[in-house]
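Engineer: Encoded as structure tokens, here's the structure I'll be asking about.
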Amino acid sequence: MTAENNPNSHIAAYLDYYCSLSHAPGFAVLLKGQWGAGKTWFIKKYYEKLKAHKQKCLYVSLYGMTTFSEIEDAFFQQLHPVLAFKGMAITGKIFKEAIKSTTKFDIEKIKLETQENLPDYLKDADKSILIFDDLERCKIELGSILGYINYFVEHQDLKVVIIANEDELLKESSYKDIKEKLIGKTFGVSLDFEGALENFITVANNLHVRQSLSDNNQLLQKLYEEAEFENLRILKQVVLDFERIFDNLPEKAQKKPELLKDILTILSVFSIEIKSGRMQPKEINKLEKEYGSALRNQGMKRMPRQDTNSVPEENIEQPTLLQKMLRRYPTLNLHEPFPSKAWWQTFFDKGIIDTEELEQSLSSSKYFQDENTPNWIRLWHFEYLNDDNFSGLLKEVESEYCDRRFSDIREIKYITGIFLNLSDIGLYSRTKAEILDNSKCYIDQFLKETQPEKLRQDIAWALDPFSVYLGLAFSGSSLPEFQDFVGYIKEAYESEMLKSLPNDAQDLLAIMQSDIWKFYEMICPRSLKNQDVSGIYSEIPILQHIEPAVFVEKIVSMNPEHQRLRGYALTGRYELDEVNEKLLEELDWLKSVKALLLKEADDRKGKVSGYRLNLLVENYFDKAIEKLEAKHPPA
């Protein structure tokens, strides 16, 4: 990078002058800047430059140091690396004398055979330049550490450079007075994004990753500017994370520059927002909803004056933190990120690269479209189509939809969202009301023609508002009509499921005996462990269709540990108050089971099994009944 492009070239030029002075200037130089602005990176580069020119220079980071001896140990290791390497112990007294008068430090006094291995310049450090980094993070009292540094400037006639976040030092009332005596020149280190990125890129091992980062240099700088962010440490983390993701991409994806650019973009933005504390990983899933809310509010603000007068001021919401974040990057579709919101949330929250989700997202992405890609997926990516292709594809998907060619509830849900979104933005002639009515009819027909077993498999996915398919977000999900459609699916599914509940209850009873964790996941609120069965009956009162006496018979015949686990599953089922409203029909069933268990316990009075059944009722069934009665107090 040329000096013209380096925002800190003037600092380097002054340090060249300062360090080359033939006499002791009698003052220190302060380089200040915010944390992460690149101060340490700058001074270490300059430190290497001094060494290359055979200029003696000692560097120490004061971060966390609590005593002067720690600082002196760090200097000693640089002055006499052979001694430090050999593990030779130097007493604090001898070392302090050496530091206070390095020119008088007589290696001969220690009489070590390793003397001849020492470079000549290490035997005389009277012309060394001392660099003290991270001053504000030193644990030594500020007045004491500055007085200590001043000793080298005033009494040892050494040149000293101090690096610090001065905003933190200014919180100490004594700092200004000490600074006036010690520091003769102060420079603010500017963010050298280009130079830092060039340096960080060398950390990457993969040559393709280095090339991709170099190609997107301007993009990364633009994102930092839009974020109004100046912490270069996060940039280094982005480089490392990008290489890790790249290594997990299939070869065909690694060869797609546009795909790599999009991943790097989303990675950079989410890294900045999350690591700066402006967003939490769990909020990635909320971005689509926030985006829709922001658009609605923006639309209300743009209404003609005569129309906005009829809108109460309190109905025009102030932007949330997430909405402000979306506005910082107006050209990015952060609400529909690639690979997917769920994938990025897992990555940032748990550090896991979900390769299965990654593969699914790739197959349905705009980067790998071909003649085998379903029409509706190609239409989902409508923004990348030309006018003729869009018109033809829209007609094809509409025809397929009207002919009821889709037998997967997920596809029906996605296509409805696509149509609603296109209608909302004026690219589809049908009204949203017409689309909604047609889609509800589709669901009615679908439920009649689908086998109960298939419905049981689909219901968990259909009722989950956060589920995605092939890594694609739902188009139009923020529209009221889409929410209406999702609610209709839920009601229709539940109505259909109720018809088969007596038979399903017997299957559930068998599962309770053979697989306790599957039983738990089927009757309790949604779990991430098993997406296929999670929460199928969590809001459906299926247990009332199991004969209480048969249920108790199965429980009593189990070993103690299995009894406890079944009880634990029941308490988990009624944990959420908002769900219990739908499970009130099971209250009488729970009371009947409790009564039968207590009778069994009474018949076994004086036996361990009887004692255990009483505990089962007390620890699990009583709590379940209490939770439901809170929603429906006894008369």
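Engineer: What single numbered condition from (1) assigned by TED's automatic domain parsing to the domain that holds residue 485; (2) surrounded by fewer than 18 Cβ atoms within 10 Å (Cβ to Cβ); (3) in a loop (DSSP other than H, G, I, E, B) fails to hold for residue 333?
Structural biologist: Unmet for residue 333, out of (1) assigned by TED's automatic domain parsing to the domain that holds residue 485; (2) surrounded by fewer than 18 Cβ atoms within 10 Å (Cβ to Cβ); (3) in a loop (DSSP other than H, G, I, E, B): (1).
Engineer: Can I ask one more? Sort out which residues of region 197-221 are under 24 Å from residue 367 (Cα atoms) and buried (at least 16 other Cβ atoms within 10 Å of the Cβ), and write them in order of number.
Structural biologist: 209, 210, 212, 213, 216, 220
Engineer: Consider residue 308 carefully, then state whether it is more than 29 Å from residue 358 (Cα to Cα), modelled with pLDDT of 60 or more and of a type in the set (S, T, N, Q).
Structural biologist: no
Engineer: I need a count of the residues in region 409-426 that are touching a helix residue (DSSP H, G or I) at 6+ places or on another chain (Cβ under 8 Å) and surrounded by fewer than 20 Cβ atoms within 10 Å (Cβ to Cβ).
Structural biologist: Residues that pass the stated criteria total 3.
Engineer: Which of the numbered conditions does residue 238 fail, given that it passes all the others? Conditions: (1) surrounded by 19 or more Cβ atoms within 10 Å (Cβ to Cβ); (2) touching a residue at least 40 places away in the same chain (Cβ under 8 Å); (3) under 15 Å from residue 196 (Cα atoms).
Structural biologist: Unmet condition: (2).
Engineer: Would you pick out the residues in region 217-258 that are more than 26 Å from residue 40 (Cα to Cα) and under 17 Å from the mean Cα position of the chain (by Cα)?
Structural biologist: Listed by number, the list holds a single entry, 245.
Engineer: For region 391-431, enumerate the residues that are among the small types (Gly, Ala, Ser) and part of a loop (DSSP other than H, G, I, E, B).
Structural biologist: 407, 426, 429
Engineer: Further, regarding this structure: Tell me, please, whether a residue that is without any contact (Cβ under 8 Å) to a residue 40 or more places away in the chain, surrounded by 18 or more Cβ atoms within 10 Å (Cβ to Cβ) and either within 21 Å of residue 8 (Cβ to Cβ) or among the hydroxyl-bearing types (Ser, Thr, Tyr) (or both) can be found in region 154-170.
Structural biologist: Looking through region 154-170, at least one residue is without any contact (Cβ under 8 Å) to a residue 40 or more places away in the chain, surrounded by 18 or more Cβ atoms within 10 Å (Cβ to Cβ) and either within 21 Å of residue 8 (Cβ to Cβ) or among the hydroxyl-bearing types (Ser, Thr, Tyr) (or both).
Engineer: Still on this structure, I have one more. Please pick out the residue among 400, 383 that is closer than 30 Å to residue 441 by Cα, surrounded by fewer than 17 Cβ atoms within 10 Å (Cβ to Cβ), touching a residue at least 24 places away in the same chain (Cβ under 8 Å) and outside the structural domain of residue 242 (by TED's automatic domain parsing).
Structural biologist: 400
Engineer: Identify all residues within region 391-407 that are among the polar types (S, T, N, Q) and under 39 Å from the mean Cα position of the chain (by Cα); write none if there are none.
Structural biologist: If the condition is that a residue be among the polar types (S, T, N, Q) and under 39 Å from the mean Cα position of the chain (by Cα), then 391, 407 are the ones that fit.
Engineer: In this structure, is residue 551 in contact with a Gly (Cβ under 8 Å, 6 or more places away or on another chain) and of a type in the set (Phe, Trp, Tyr)?
Structural biologist: no
Engineer: Now for a separate question. Is region 595-611 home to any residue that is aliphatic (A, V, I, L, M), under 30 Å from residue 499 (Cβ atoms) and modelled with pLDDT of 90 or more?
Structural biologist: Checked against the condition, which is being aliphatic (A, V, I, L, M), under 30 Å from residue 499 (Cβ atoms) and modelled with pLDDT of 90 or more, region 595-611 yields at least one hit.
The values are calculated or read from the model by the stated rules, or taken from the named source; none is laboratory data. What you are looking at is a predicted structure, and each value in this text was computed from that prediction instead of being measured. Glycine also receives a Cβ, built like all others from the backbone with ideal geometry; neighbour counts cover every protein chain displayed.
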